[in-house]
Each structure stands twice: as C-alpha cells, then as structure tokens.
Amino acid sequence: MSISPKVTPIYQTSVFTFEDLNALEAYFEQPGQSYLYSRNGNPNTDELAQEVNQLEKGNGAVATSSGMSAILTAVLVYCQAGDHVLCAEEIYGGSAALLTQELTRMGIQITFVPMAEMYGLGSYVQPNTKLILAETISNPMMTVLDLAKVAQACQVQGIKLVVDNTFASPVITKPLQLGADLVIHSVTKYLSGHSDVTAGVVIAKDTADAQRAKQIVVAWGLTLSPFESWLASRGLKTLKLRIKQHSENALALATYLKQHPKVSEVFYPGLPDHPQHALAAAQGHGLFGGMLSFRLADEAETVNRFMRGLTHMPFAPSLAGVVSSISYPLGTSHRALTPEQREKLGITVGLIRLSVGIEDADELITDLDKALAAI
Ligand SMILES: *Cc1c(COP(=O)(O)O)cnc(C)c1O
C-alpha cells in the first residue's frame, strides 16, 4: 500500500523511533533527513517555518510557541548580559514588558526611541548597542516605519535591525528585502488568521542567524506544537487572499468613519491624509492592511454604548482574524502606561481599534452605522 496525502498529516508525536544505531548516526550526520524529538524538530513545525521563510524571502526560519517567544529568540540571537537594545517607543506592550521587566534582570539594557527619531540613531547608540526592535506598522496609531531608511541608519551605526512584521504581513511588506536582519511574527495574527492558534516565527537574512535562532528555540524550549503548526500552515494557504480582502474592507471602513460626524479622527495608512500615506503606499505595494483606529467622544459611557450597539464585531483584545473585532487600547494593550505616556501616544478614553475582517464591507458599515447611531 502506498499512501500519498495531498496535505502534510499532523505528526502528533513527541519522539521518533530509530531502526538501529546506524539510523541514529544518520540523524546526526545528515541534518534535515530525519527527526529525533519534537522539541528539536517536527515535520509540521518545519513546514510552517519553511513556508514563512519563502514568503519573507529569508535564508532560514524557526517556528516558536508564540509571538513573544519569537521576540525573545530574536533578542537572544544578538544579545547577552551587558548588551544594550534600542526599541521603538510605540512597540507592542508585551514586547516592552519583556524587555523592561525580564531581559533587564538578565543584564540587558533597554532604551526606547520614538519612531520619528529612528532615521538617525546617533544619539541613542552606545558602544554595547546590538540591535533595534521596531514594527512595520505601530499599534494603535498605525504609524508606518520607513524600513529601508532605518536599515540604512542601522548599517551606519553597526547594529542589527529586528522587525516585528505582524501588522503588515509579508504580503504587504518584506522587511528582509529592505535591509532588516531578522523578522518576527506573532503567527497568532494574520499568518494563521482564524483566531484559533497561538504561535510565532523568526526569519533571518543570514543562514548563521537562522541556525542560532533554532539553537535558542531548542535550548530554551520555545518550540511550537505539531497541531498548532499544522493549523498555522493551513491558514497560510489563504494569506494573500485574506490580506487583500482585509485591506479593501479596512479602506472602505476608514473612508466611511472619516466622514461620520460622531468620529473625530481616523488612523489608517490608506487614507490620503495619513502622515505616512505615500510611504505606506510604496512600501505596502498599494495595500494598507486590516487594522485601523478611530476616536469617539472621550467618555466611557459613549464607548460602552458603541460596543453594545455592534452586532457583528465582538470586543476581543486581539486582532487579524477573519471575523472583525474591536479592541480598546486604553483598557487592554496600553493599560500599564502612565497618563503621560498615554497622552504622548494619543491613547484616550474614546480611542477604539478595529481589526477589519473579510466579511462583506457593506455589512460591516451597516453595523458601524447602527452602533454610531446609538451613541
Ligand atoms: C500579538 C502581538 C505580539 C505577541 O504575540 P503572541 O502570539 O500573543 O505572543 C507581538 N507583536 C505584535 C505586533 C502583536 O500584535
């Protein structure tokens, strides 16, 4: 009997068997030909990593148990105790917490840099600075970073550029092609796309960095499970179609919200008056992604009424699923910030973030219209 499945089956096993000592020796001598133990490698995990590696045009990738473990891995590829890391001030809250609360305890120093100051890093770089961590598109204000320009500044300073490309996805932007050294994703978001997986991935420009990332994942036990890898690979098959639809819908919703009298501001790179609209159009090949934010009156009761008025967009503090959802930066992702930090980033009581799904845009606009009429 010969079985040849069209889709890679789920290798739901923690360990692999060997015929004899020769087979064991072959495992060590011919890497990539067989498997030993799933923390070290599994066909599903490798398949996911290879697919994302191709999408990002990398030279090696490793899947991880979450976006956070991908960021941890990326920092550990380049840093040890005594080193210094630069990080975008607008970075994902979890990344900021990992750096300031955990990695500082291990002797790594952190300095935050506003995105607008990343194009000339001179005043921030120290002799022990190893890397800068930044995002292609920031949350929740959707500030777009000119990656080629930052990569140039990094080269001048002799530091590595690590890009969290979660909000853009490789369909919109491929940071390695613009000069980044490592790219990370929360695969939890667009890459898997269905709000049913927690996973991450690190993709490297250099083979040696990819190998080091893999070593770190194995040693620290940051491995992704076979089933999560399989689900994420399944999601990846529709990534291009989804990103196109997310982007078209988000542009339609942003345009609608922009003209609504109860909405004071809309933040979406696809709008012509967004501060980095031209950059976003060029760097994103005409797609602007599925994430936007907007401001209602700064009153909690207005926000509550709006949330309760929606039928098809649940309030769920994550993003990038096929079903639209709203989130509330002040109460979730940016909860830990001081009032001064919030004000600096523009995160007020009335700020709502919208993760636009792949439904019919008309249905979503009808839902928004109803909820806005209720406030
Ligand atoms: C969600 C997210 C992360 C963290 O990923 P997890 O999969 O939740 O660990 C990192 N960066 C960005 C931009 C994210 O949105």
Within region 182-222, considering residues that are more than 13 Å from the ligand (Cβ to nearest atom) and without any contact (Cβ under 8 Å) to a residue 60 or more places away in the chain, the one farthest from L147 (Cα to Cα): A219
Residue among R305, R242 that alone is touching a residue at least 12 places away in the same chain (Cβ under 8 Å), over 27 Å from V187 (Cβ atoms) and in a helix (DSSP H, G or I): R305
In region 315-373, what count of residues is obtained for those that are open to solvent by less than 10 Å² (accessible area, probe 1.4 Å), of a type in the set (A, V, I, L, M) and modelled with pLDDT of 95 or more? 10
Tell me which residues, restricted to region 246-263, are out of contact with any Asp or Glu (no Cβ under 9 Å at 6 or more places or on another chain) and open to solvent by 40 Å² or more (accessible area, probe 1.4 Å). E248, L251, T255, Q259, P261, K262
Test of understanding: among D209, D196, which residue is among the acidic types (D, E) and within 13 Å of N59 (Cα to Cα)? D209
Among the residues of region 56-68, what is the count of those that are more than 15 Å from the ligand (Cβ to nearest atom) and surrounded by fewer than 21 Cβ atoms within 10 Å (Cβ to Cβ)? 3
Has region 37-44 got at least one residue that is at pLDDT below 95, surrounded by fewer than 18 Cβ atoms within 10 Å (Cβ to Cβ) and of a type outside the set (A, V, I, L, M, F, W, C)? no
Given the conditions (1) more than 9 Å from the ligand (Cβ to nearest atom); (2) touching a strand residue (DSSP E or B) at 6+ places or on another chain (Cβ under 7 Å); (3) part of a helix (DSSP H, G or I), and given that I71 satisfies all but one, which numbered condition is not satisfied? (1)
Touching a strand residue (DSSP E or B) at 6+ places or on another chain (Cβ under 6 Å) and either buried (at least 24 other Cβ atoms within 10 Å of the Cβ) or free of Cβ contacts under 8 Å to residues at least 12 places away in the same chain (or both), is that true of T166? yes
Quick check, is T104 β-branched (V, I, T), within 16 Å of the ligand (Cβ to nearest atom) and either modelled with pLDDT of 95 or more or under 20 Å from the mean Cα position of the chain (by Cα) (or both)? no
Kindly list the number of the only condition in (1) within 30 Å of K240 (Cβ to Cβ); (2) touching a residue at least 40 places away in the same chain (Cβ under 8 Å); (3) not assigned by TED's automatic domain parsing to the domain that holds R212 that fails for S38. (3)
Would region 1-12 turn up any residue that is open to solvent by 40 Å² or more (accessible area, probe 1.4 Å) and within 16 Å of the chain's Cα centre (by Cα)? no
Cβ-Cβ distance below 7 Å, separation of 6 or more or different chains: which pairs start in region 310-336 with a residue that is assigned to a loop (DSSP other than H, G, I, E, B) and end on one that is of a type in the set (V, I, T) and within 12 Å of the ligand (Cβ to nearest atom)? P317/T332
What about Y27, is it in a helix (DSSP H, G or I), open to solvent by 20 Å² or more (accessible area, probe 1.4 Å) and outside the structural domain of Q341 (by TED's automatic domain parsing)? yes
Just checking, which of K214, K205, K149, K189 is within 12 Å of the chain's Cα centre (by Cα) and basic (K, R)? K189
Let me confirm something: among E47, E117, E51, E89, which residue is under 19 Å from the mean Cα position of the chain (by Cα), more than 16 Å from the ligand (Cβ to nearest atom), among the acidic types (D, E) and open to solvent by 10 Å² or more (accessible area, probe 1.4 Å)? E51
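The values are calculated or read from the model by the stated rules, or taken from the named source; none is laboratory data. The shown structure was predicted, so the numbers you read here are calculated from the model rather than taken from an experiment. Neighbour counts run over all protein chains shown; Cβ positions are idealised from the backbone, glycine included. Accessible surface is based on the protein model in full, side chains and every heavy atom, while ligands, DNA and RNA are left aside. Shrake-Rupley method; radii C 1.70, N 1.55, O 1.52, S 1.80 Å.
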